[in-house]
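Student: What follows is a structure written as structure tokens; I'll ask about it next.
Each value in this text was obtained by applying a stated rule to the coordinates, not by laboratory testing. Keep in mind it's a predicted model, so treat the numbers as computed, not measured. Note: ideal-geometry Cβ built from the backbone for every residue, glycine included; neighbour counts use all protein chains shown.
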Amino acid sequence: MSIALGSHIGEGSIVAMGCVVSGKIPALSIIAGNPCKVISQRDKNNYEENKKKGAIYLKAKKQGLISPEYHHGFSDKNT
């Protein structure tokens, strides 16, 4: 995966391996390709339910197990 400087990946999005990301990706998108394109959308209700349960990624982030370098250029804010 490559992410161009200044790109924004919306919360809950899934990025396929090998994807080249540039620009603004809406929240809950599933993206793939070179250049990337939205191939599907995640179910918002399902995502919110998993988030409330403490999904593995969110739990690891809260515990400080994911380094800041991993998030360089990423944002957890909804788009």
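Student: Using a Cα-Cα cut-off of under 17 Å, which lysines could be cross-linked to residue 53, ignoring same-chain neighbours fewer than 8 residues away?
Tutor: 44, 61, 62
Student: Among 12-22, 40-50, what's the highest-first ranking by average C-beta atoms within 10 angstrom per residue?
Tutor: By packing density, highest mean first, the sequence is 12-22, 40-50.
Student: Could you tally the net charge around residue 29, taking each other residue with its Cβ under 11 Å from the Cβ of residue 29, Lys/Arg +1 and Asp/Glu -1?
Tutor: +2
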